[in-house]
Amino acid sequence: MAIIRAEIGHRDQETKEAIIAELTDVLVKYGSPRENTHVLLYEVSYDNWAKGGVTYNNRKKKAQEGS
């Protein structure tokens, strides 16, 4: 059995399903049985995700202000 856990920012359902399918395909390619391959997506709000001490929502706001 293989389990993939991925933390991602907000995506629409179609995109999440595509991510799940492609991650599954990678593991299957390397020998994991498809029916025993699990993918868990953890969708994290950009208010709770930061880089360099600044949330991604604040980074986006600053970038828009600078445009």
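Nothing in this text is a laboratory measurement; each read-out follows from the coordinates by a stated rule. Note that the structure is a prediction, hence the values are computed from the model and not measured. For neighbour counting, all protein chains shown are included, and Cβ atoms are generated from backbone atoms with ideal geometry for every residue, glycine included.
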**Asked** For Thr15, what charge total do you get from the other residues with a beta carbon under 14 Å from its beta carbon, if Lys and Arg give +1 and Asp and Glu give -1?
**Response** -3
**Request:** Express the C-alpha Rg of the chain as a ratio against the empirical globular expectation 2.2 N^0.38 Å, rounded to two decimals.
**Result:** 1.47
**Prompt:** To the nearest 0.05, what FRET efficiency results for Arg5 and Lys61 with a Förster distance of 30 Å applied to their C-beta separation?
**Reply:** 0.55
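Please compute the length gained on full extension between Asp47 and Glu17, using 0.36 nm multiplied by the number of residues separating them and subtracting their Cα-Cα distance.
Contour length minus Cα-Cα distance gives 8.5 nm.
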